[in-house]
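Beneath this line is the structure, given in structure tokens, with notes to follow.
A short reminder: the numbers here are calculations on the coordinates, not readings from a lab. As the structure is a computational prediction, the values presented were derived from the model and not from experiment. Every residue, glycine as well, gets a Cβ built from its backbone with ideal geometry; the counts of neighbours run over all protein chains shown.
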Amino acid sequence: MRIPLSWLNDYVSLEGVSPKELADRLTFSGLEVEGIETLGSDFKGFVVAGVTAVRPHPNADKLRLVTVERGAEGPLEVVCGAPNVEVGMKAALAVIGTVLPDGTVIKAAKIRGVPSSGMLCAEDELGLSDKHEGLMRLPASAVPGTPLSTLLGPPETVLVVEVTPNRPDCLSLLGIAREVGALLGRPVKRPSVELPEKGPAASARIGVEIRDPALCPRYIARLLTGVKVGESPAWMQKRLQLAGIRAISNVVDITNYVMLECGHPLHAFDLRRLRGERIIVRTAGEGEVMKTLDGVERKLTPRNLMICDAERPVALAGIMGGEESGIAADTADVLLESAYFKPECIRYTSKTLGLTSESTYRFERGADVLGADWAGRRAAALMAAHAGATVAAGAVDAFPRPPEKRQLTLRLDPARALLGVPIEAARVEAIFRSLELGIARSDAASVTVEVPAFRVDLTQEADLIEEVARIYGLDNIPAPAPSARLVPEVTDRTVRARLEVSRQLAALGLTEILNYTFTSDRLLKVFNLSPESQVRLPNPISADQVVLRPSLMPQLVETLGRNRSRQRAEAALFEAGRVFTRKADGSFEEHDRVCIGLMGAVGRSVMGRTGAPGADEAFAWLTGILEGLCRGLRVPARQKGGLRLPNPVLEPAELAWAEPGMGARVLLNGEVCGEAGILRQEMAREWRIGEPVGVAELDADKLAAHVFDVPASRPIPAYPSVDRDVALIVPEAVRHEDIVQAILKVAPNELRQVRLFDIYRGENVGGGRKSMAYALTYQSQEKTLTDEEANGYHNRIKAGIVSDLQAEIRA
Amino acid sequence: MKANDIQELKRQALVEAAAAASADALEAVRVKYLGRKGLLPDIMTGLKDMEPAERPLAGRYANELKQELGDTLAARRDALESASRAANRAPFDGTLPGNWRAAGSRHPVSQVIAEAIRIFHGLGFTVADGPDLETEWHNFDALNTPADHPSRDTQDTFWLNDKTLLRTQTSPVQIRVMEGRKPPVRIIAPGRCYRRDTTDATHSANFHQIEGLYVDRQVSLADLKGDITHFAREMMGADVKVRFRPHFFPFTEPSVEYDFSCHMCKGAGCRVCKHSGWIEISGAGMVNPRVFKNVGYDPETCSGYAFGMGVERIAMIKFGIEDIRLLYENDVRFLEQFT
């Protein structure tokens, strides 16, 4: 809502209040001022020019040579590019030497070879708006040669106010004036609506019938005769323009002016076009068609409300006039509509037909059903004054069921408690009165107000408390230091445990990323992810964002690729996020996951990063991260006797996305928690990544299940430990975990640690075999182990491995 | 010999020790004074011939000579040895790059969420969670959103079917928590939200909010102001100020919007605050009694405040990030700045 301050000043005195101060007061009472604009200037150097001739430019199709008169100063020739320039129009001329509001100086110049002695201006060039739609048309009555400042000056300040949807009463100058009056403690003056009524009563000629009073509770028609359609007065045009509405003709301008003034939309019909000179308000028949003002044929339903004459529709109620019934240049008799339509009905029609306007904007938020009469009177008075209208006596006011008066009570103690201030009853009453909420009753405990019809937002006690708060001033409500209050028996450990996963991964050196929940078919196809269980968006924004991700992995790999394409050779990334699947019964599931991806030689020492990593190397980094993560998240170690082995166990598995032989299921103490492996080469190549990419995706809740476990302390062994090494020659197919399991089978309680320290392949080991060297640590809780005891344990383990795995002990 | 002569001898010995330029010279000093036939054993032998009155002092000085010279010789020996090690060692480059795994980084959005949890934990708030796929009841109806409110349109909201949608705000978590528990309630709920916004520098179809809800027997707007102010100072800096403006939301009454004073320019005006000195943060208010009725709470016996804040917005302001898209582009060069 644009509020020209010179206009607002008509209703409430702004004396001594700067625009900035006023803007702040409004903003801090709930009407946010988004901008303070200064429009126009003293227009030094601009004069009114009359166009007397328009000729083509010899060297340019889009330019014209225009001769203008400017009173005593004599004619001038200027080059003009505006499409709407025509003989007889009045426009603003900037003469040589004039400085435009944007700082441009008009100089004598040749334009495409023809001298131009000035410039005819569009609205933006005058600093009146940002419109550049041809020359600004000045009133035809403007006298050439007059300084433009006498017509348009002085500079105007306009507040741009964002009115929240609950306050349609503030979509008007008077509504804002009421707020300003309340804030500044100043009275609000309403213009007089005394009507010079003449002749027979309006009801003798025109009639109104409301067939659907639920959707149209009130319809007032006034009759104006002998109207002379022409231009509205310059001051009115200027105010409309400042408020952002284009001037059209006196009759239409007056309806718009009154709408801006009091917030009530009006509509003017040419009475000639109303068959039977009567109005019937009814809903449309199913499939009924009407042609609106914009020439479009609209197919309607019984949920759309129409204004009809005796025979056919003439307007879409509250939304748009019909093609034929509007005001024309030769309109003489006018039926002026001032009606109230149900907000829901206007909202529905506006939305379904895609038609919005200043009128729908107000009706759909809620107009003032009791203020409709004032609006009609005000417009009639202006038409008498500025359109030569004769106002018929009275009006046809169809108002079948005036609404009952509404009262609301504010109880002082609960209000004080809710606001946290000991506000006094007298102050509350004063606030209500300043907002034109009449006090019906008040006592020591409560205040009851009459709710005016224009305050559609006041429906419960809390709404009155808000009125008190915003006028009292939120600044005057204290902001005490917070006090911690604990709510017993509420735990948030699951949520916080999940967050701990991310913290640990960052601590392990990974960089956290966030991808969209939406992903594309194309990306999922690269990963061979089944479309059956996907959750698809019926109304996506774009083809790239059609599926809710069933896995974090595709986008994570894509992110690695994007970084690669930006000359980033290595990255260790993770994302914690939700994935979505559709179950067979059509219901949806969501799960919290975490995904890890490694690209380049991220696991190597700083100076060892030249050369691509091998797949086994990348896999080992991934395993190391998972082990560190499990430790950090307190996943209980696998335990046998005194031996504690790290989680997870990576169990070989063929995975759709993993390089054959290099995929694994991630087991935490036997339970599957996700997948890990080296990405298939052909997938990595989609992003031109040639080296192995290590990826894992895990269930966050399973990973984090033990975050809040309390580690139980164990005594530090009191007796020394004994180390014994063993080198085993085993077939390539034998895995480390197989050896560990073979050790575990025969391990005594004294076995404390199993550490692989070397893998060797070579001629002396033989083809298809490898040597794996382990350091085993033995230690007793009860005594110092003798060499014999340690050797005994060690030999039993060696024998166990040999028999289990066809291993040879390497000398 | 007099006690003072021993003092003079000590001074001389210490000078000689300090001047010794090699291990051999140092050894010569040691032998001269402390050796079996050195000066100190002589003095010790001579003590018994001294005046009885002078003897204790002379004995103490002799011991000091032994102690101090011994310490000086040892220190000098260490200095000579380390100088000789340094002379024999290949030059060492202490400016070589370090070699230990560097810490990774949390995403700025996660950092803001973690920080908010820390701050509100301190006030006794617990963290609550809700699904991304929500019902119309939880996301709109229960929050007093009018049936024909534009935010419900398929233009603005991602609907999966006529019952299920991607939550447009974290407020449905309020409803879920209140449906499951009687007051008092004191929660924050961080999470992802979705709106059909076309992505630009300040809009993203995926974004995060942190919801807050405090319901008890007597919660006031003053409490809301105090708690938000505390949050602002903890999150943005101790000198940040907060201002509140009345606003409108269907689920709160009274409703407010709040701004933080710009932590970058301290209110003087800069790029981050668009030269206004203030940054619009988010909305809040006192829970609308209709919302309480929807979850079966009695508005006569309880009151509460609620707030919802945009995490991306706070992260952008806090870190001076100009384009929201940077937060979802995942360029490592960008993310590493937040380690």
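For the reader, a short list of remarks on this structure follows.
- Within the straight-line cut-off of under 12 Å between alpha carbons, the aspartates and glutamates reachable from residue A:745 are A:804, sequence neighbours fewer than 8 places apart in one chain being disregarded.
- For residue A:438, the amide hydrogen comes within under 5 Å of the amide hydrogens of A:450, counting only partners 5 or more places away or on other chains and with H modelled in the peptide plane.
- When only Cα pairs below 8 angstrom with a gap of at least 6 residues are kept, region B:189-333 shows a relative contact order of 28 percent.
- HN-Hα J in Hz across region A:115-123 - Karplus 6.51, -1.76, 1.60, θ = phi - 60°, x for Gly and Pro: x, 10, 9, x, 9, 8, 10, 8, 4
- With contacts taken as Cα pairs under 8 Å at a separation of at least 6 residues, chain A carries a relative contact order of 8 percent.
- Net charge dipole, region A:1-86: roughly 340 debye, given to the nearest 20, about the Cα centre with Cβ charges of +1 for Lys and Arg and -1 for Asp and Glu.
- Gyration tensor (alpha-carbon) shape descriptor, region A:559-669, a/c threshold 1.5: oblate
- Taking every alpha-carbon pair under 8 Å whose residues sit at least 6 apart, region B:40-198 reaches a relative contact order of 22 percent.
- Cα-centred dipole magnitude for region B:250-339, charges only on beta-carbon of K, R (+1) and D, E (-1), debye, nearest 20: 180
- Set A:228/A:291; A:20/A:44; A:702/B:225; A:525/A:583; A:702/A:783 screened for pairs whose C-alpha atoms are more than 31 Å apart: A:702/B:225; A:702/A:783
- Span from the region A:722-794 Cα centroid across to the region B:123-175 one, whole angstrom: 58
- Region A:471-630: C-alpha gyration tensor shape, a/c 1.5 cut-off, then a/b vs b/c: oblate
- Charging the Cβ of each Asp and Glu at -1 and of each Lys and Arg at +1, and nothing else, the dipole of chain A about its Cα centre rounds to 420 debye.
- Per-residue Cβ neighbour rank within 10 angstrom, fewest leading, A:229, A:695: A:229, A:695
- Going from the fewest other Cβ atoms within 10 Å to the most, the residues A:581, A:784, A:519, A:349 appear in the order A:784, A:581, A:519, A:349.
- The lysine pair tally for region B:1-143, using Cα distances under 14 Å and a gap of 8 or more places or different chains, is 5.
- Where the alpha-carbon atoms of region A:284-439 are placed on the principal axes, they occupy 62, 40, 26 Å, in descending order.
- DSSP-loop GluC sites (Glu not before Pro) across region B:193-280, with at most 10 other Cβ within 10 angstrom: none
- Top positive-direction residue, dipole computed over region A:405-522 with Cβ charges, set A:481, A:464, A:445: A:481
- Separation of alpha-carbon centers, region A:27-94 and region B:20-51, rounded to whole Å: 113
- Cα gyration tensor, region A:691-811 - rounded (a/c under 1.5), prolate or oblate: oblate
- The residue list A:636, A:49, A:801 was ranked by how far each Cα lies along the charge dipole of the protein assembly as shown toward its positive end, using unit charges on Cβ atoms, and A:801 comes out on top.
- Diffusion constant of the protein assembly as shown at 37 °C, which comes from Stokes-Einstein with the Kirkwood Cα-pair radius and 0.692 mPa s, µm²/s: 87
- Cβ neighbours within 10 Å from other chains - mean over A:534-546: 3
- Residues whose amide H comes within less than 5 Å of that of residue A:53, counting only those at least five positions distant or on another chain, are A:67 (H built at 1.01 Å from N in the peptide plane).
- Of all beta bridges that DSSP places with both ends in chain A, some 95 percent have antiparallel geometry.
- In plain terms, the residue of B:151, A:232 with the fewest other Cβ atoms within 10 Å comes first and the most crowded comes last, giving B:151, A:232.
- For residue A:743, neighbours were defined as the other residues whose beta-carbon sits under 11 Å from its Cβ, and their charges (Lys and Arg +1, Asp and Glu -1) total +1.
- Neighbour net charge for residue A:365 - beta-carbon separation under 14 angstrom, K R +1, D E -1: -2
- In the protein assembly as shown, taking the dipole from charged Cβ atoms about the Cα centre, the farthest positive-side position among B:18, A:268, A:649 is held by B:18.
- Helix-only CD estimate at 222 nm, as mean residue ellipticity for chain A, using -39500 (n - 2.57) per DSSP H run (n ≥ 4): -7500 deg cm²/dmol
- For the pair region A:9-25 / region A:330-407, the C-alpha centres are spaced 29 Å from each other.
- Karplus-derived HN-Hα couplings along region B:7-12 (A = 6.51, B = -1.76, C = 1.60, θ = phi - 60°), whole Hz, x at Gly and Pro: 4, 4, 4, 5, 4, 5
- Loop-located trypsin sites (Lys or Arg not before Pro) in region A:644-733, at most 11 other Cβ atoms within 10 Å (DSSP): A:688
- Cleavage-rule hits, GluC sites (Glu not before Pro), region A:740-811, DSSP coil, Cβ neighbours within 10 Å at most 13: A:763, A:782
- Backbone phi angles across region A:773-782, fed through the Karplus curve with coefficients 6.51, -1.76 and 1.60 (θ = phi - 60°), yield HN-Hα couplings of 10, 10, 9, 10, 10, 10, 7, 10, 7, 9 Hz in residue order; Gly and Pro are listed as x.
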